[in-house]
Structures are given as structure tokens and as C-alpha cells.
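Written out below as C-alpha cells is the structure these notes cover.
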Amino acid sequence: MKNYKNIISLMSGTSIDAIDACLVRIYNDLTFKVIDFYSLSYSENIKKKLFELANGKGCVSDVCYMNFVVGELFAKCANLLIEKAKIKKEDIDFISSHGQTVCHLPEKQEIDSVKISSTLQIGDISVISQKTGILTIGDYRPKDISAGGQGAPLVPFADKIIFPRGKNRLIQNIGGISNVTVLSQDCEIFAFDNGAGNMLIDYFMNKLFNKPYDKNGETAQKGNVDFNWLNKLLKEPYYKLEPPKSTGRELFNSDYAEKIYKSAPASKYDVIATITYLTAKTIAQSYIDFIFPKTKIDEVVLGGGGAYNLVIKNYLAELLPDIVIKTHEDYSIPNKLKECIAFAYLGYFAFNKQTNNIPSCTGADENVIMGKFSY
Ligand SMILES: Nc1ncnc2c1ncn2[C@@H]1O[C@H](COP(=O)(O)OP(=O)(O)O)[C@@H](O)[C@H]1O
Ligand SMILES: [Mg+2]
């Protein structure tokens, strides 16, 4: 009997940039190997529609429709990866799909006597299984929420498996939102969203430079940090909330960006430099407020698209002089595939009927098996 599962993992995060697909082999001993990957960028039309939804500007019929459209695109991405990898469909054990978040409401809301968090990832898994012909597991977050958690963050489950023991590490993802996992011998694993990652940088790059993002931080490099503006931005109450906490476009959306832009510096390069510094500063400050009181840290491992932004990396090194800053590539894991690989692990455990949430990270009352199945 073979000692592994071949999994196609599908992921698109809050940046709403592209669907990342990764063909990952997970072995019985829980080690993994990336066999191939493929990214399908969202078209401008689709992006526009998804941004409207994520910014709370769509109606129920838009959500209904886009759930199926995104399902089709996720399936297309999986099929293109299968073609690229020249692998037979029969050799793929299952697809694991995160879906596309369009709404995430971690704070419990109350109506009558029902008090609960909520979240919505679209890209229907029935569409994916039908259009690929492969068992699809997905839509992980609702199960954790129904167990009293925030349905996020889920990636720490994989961080715990992937990274070797021995050092106290922070696994710092910088996607649309920035989020950190604390892996330390001194305390139980915990994790939280630090704040906006690339989301505000992307917004202002789009608005001021007509570009989707600041490649390698080249634009930020040309500006200066406006500390007056920065100090105003740091007053955002989210940064001081105690973990567990998670956030998304419900807070750091286009309205938020336009509001803060009212007191922005005149130079558009300074806007990008300051917002980029804000990303690094809120990450470093969250360590000082919530992590260093609990444990000493040896190294930070950056991942996600923001790990390619050299200016964020340099600011972090400057703000955290005593900590070694690495990226996932130092562990032979492509930065941009890390979250995809994490969802392959969640699928692997769901497939084996084993629990795959971490209550100390999500705030759930118990361990549960997250994931819905479509055959
Ligand atoms: N070479 C690069 N230089 C700077 N930023 C980058 C680079 N590549 C990707 N990014 C940033 O990373 C984002 C995508 O990161 P990703 O990890 O996919 O986030 P998400 O999980 O939110 O989709 C892009 O929107 C962009 O801001
Ligand atoms: Mg992405």
C-alpha cells in the first residue's frame, strides 16, 4: 500500500490576487513534498466583483452567483495544475479547498438568544468536485466557529507539524492580512492576526500608481516614513486587542483606506513608505505586547507574498534587532505556497477523520474535524 496521499490544495487569501494551487504529497509520517504548483490570477472583472463583496458592497444574489463562479475558477485552476503536472486524475486522492473569504465576522454578534461569530468562504466545493471529478474537501472554518471558535487562524495546525522543534519560532505570514503563529517551548501554541499585511499597501499602490502591488518594495524604497501620519494610524484599536483575535476586509477595507488617506502626506512615495512601515511596525509591536511577555523568541520565519517585499523585511530587522529574520525559503518551502500547503494538511486530517483545529489558536471549546466533503 502506498504511504502517502497526493493532494491538490487550493487557496486564495484576503489579497484577492490569485488562486494558488499546489500538488502536495503528504506521507504517513506527516512529512510533505511539493510536486508542482500553478497560480491562476483573477481577471480584473472578477477582482472588481470580489472586492465589492469583501467591502460589503454586494447583495445576496451577487454572493449566490459568485459562489458558483469562484467554484468554477477553483476547479479550472485544479484542472490546469493537473495538466501542467502531467498527473492522472486517478492518482490524486482528493482536493482540499479553502475557498475565497468574502466576509469574516469574528466578534460574536447576538440575535434573540443566538450569539455567534460567522464567516463566509465562497467557491462551492460541489462545483469543484463536479468539474474536476475528484473528491473535494473544503469550507473548513464554519466547523470551528460552531464549536465556539473564530474559525481562524487555521494555518498554525500545519506550522506545528512542519517546523522542527528545538527553537522558539514565530511563523509570520504576510498576506492581505498579517498573522503570526507562536511555536515555543515556553508556552502553548497560539496565533493571531497582527493587522493589515499587504492589503493597504496594495490599495494605495492601485490608487496612486495604478499597480496591483509594490514589487519587492521598490516604491516604498523611494519614499520616507511620515511619523506624524504613522502615529495617527497606530491609534487603530485593533492593534491593542488581546489575542485570540482575527481581522479582515471588514476593518481594513477601501472605506478605511480612504478615511486614513485624508491625513496622508503629499508625496505618494511617502504614502507607500509609511504604510509599508505600518505593516512592519504593527507586526513588531504585537510581538512586544503579546508574545515577548510569554516567551523569548529565537527566530521569525516570514511567508506569504509580503515576504518578497524587501522593505518590510528590512524594517522588521531594524525593529527587532535581536531576532534572526528568515523566510520559508530558508526551510525549502516557497513563501507563496505555504498557506496552500497548510490547507493540504487540514484536508489530510479531515480525510482521515482526525481533528484539525487548535482551540488555543481559534478560541474553540473543543477539537473538531473541520471540512465538508463532496464526492
Ligand atoms: N514580489 C513581491 N514584492 C512585494 N509584494 C509582493 C510580491 N509578490 C507578492 N506580493 C504581495 O503579496 C500579496 C499576495 O500574497 P498572498 O500570500 O497571496 O496573500 P493572500 O493570502 O492574502 O492572497 C500581493 O497582493 C502583494 O501585495
Ligand atoms: Mg493570494
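Restricting attention to segment 271-304, which residues are polar (S, T, N, Q) and either at positive phi or assigned to a helix (DSSP H, G or I) (or both)?
Correct list: 274, 276, 279, 282, 285, 286.
Using the structure shown, decide if residue 339 is in contact (Cβ under 8 Å) with a residue 40 or more places away in the chain, of a type in the set (Asp, Glu) and surrounded by 23 or more Cβ atoms within 10 Å (Cβ to Cβ).
Answer is yes for this residue.
Just checking, does segment 286-297 include any residue being touching a Lys or Arg at 6+ places or on another chain (Cβ under 9 Å) and not assigned by TED's automatic domain parsing to the domain that holds residue 37?
Looking through segment 286-297, at least one residue is touching a Lys or Arg at 6+ places or on another chain (Cβ under 9 Å) and not assigned by TED's automatic domain parsing to the domain that holds residue 37.
Within the group 80, 50, 40, which residue is without any contact (Cβ under 8 Å) to a residue 60 or more places away in the chain, of a type in the set (A, V, I, L, M) and over 21 Å from residue 129 (Cα atoms)?
So the residue among 80, 50, 40 that is without any contact (Cβ under 8 Å) to a residue 60 or more places away in the chain, of a type in the set (A, V, I, L, M) and over 21 Å from residue 129 (Cα atoms) is 50.
For residue 48, work out the one condition from (1) open to solvent by less than 70 Å² (accessible area, probe 1.4 Å); (2) within 16 Å of ligand 1 (Cβ to nearest atom); (3) out of contact with any strand residue (DSSP E or B) (no Cβ under 6 Å at 6 or more places or on another chain) it doesn't fulfil.
All conditions pass for residue 48, except number (1).
How many residues does segment 268-310 contain that are among the aliphatic types (A, V, I, L, M) and crowded, with 23+ Cβ neighbours inside 10 Å?
So the count comes out to 10.
I need the full set of residues from segment 64-105 which are closer than 21 Å to residue 42 by Cα and open to solvent by 40 Å² or more (accessible area, probe 1.4 Å), in order please.
Selection gives 64, 65, 68, 72, 76, 79, 80, 83, 84, 103.
Only residues that are among the hydroxyl-bearing types (Ser, Thr, Tyr) and at positive phi: list them for segment 305-354, please.
Passing the criteria: only 332.
Of everything in segment 159-187 that's among the charged types (D, E, K, R) and open to solvent by 30 Å² or more (accessible area, probe 1.4 Å), which residue is nearest to residue 203 (Cα to Cα)?
Among residues in segment 159-187 that are among the charged types (D, E, K, R) and open to solvent by 30 Å² or more (accessible area, probe 1.4 Å), the one nearest to residue 203 (Cα to Cα) is 160.
Take segment 202-218 and flag every residue that is at negative phi and touching a Leu at 6+ places or on another chain (Cβ under 9 Å).
If the condition is that a residue be at negative phi and touching a Leu at 6+ places or on another chain (Cβ under 9 Å), then 218 is the only one that fits.
Quick check: anything in segment 324-334 under 25 Å from residue 186 (Cα atoms), among the basic types (Lys, Arg) and assigned to a strand (DSSP E or B)?
yes
For segment 88-124, which positions are of a type in the set (A, V, I, L, M, F, W, C) and either under 16 Å from the mean Cα position of the chain (by Cα) or closer than 18 Å to residue 341 by Cα (or both)?
92, 94, 95, 102, 103, 105, 120, 122
The values are calculated or read from the model by the stated rules, or taken from the named source; none is laboratory data. Worth saying up front: this structure is predicted, and the values here are computed from it rather than measured. Here the Cβ is made from the backbone with ideal geometry for all residues, glycine too, and neighbour counts use every protein chain on show. SASA here: full protein model, heavy atoms, side chains in, ligands and nucleic acids out. Shrake-Rupley method; radii C 1.70, N 1.55, O 1.52, S 1.80 Å.
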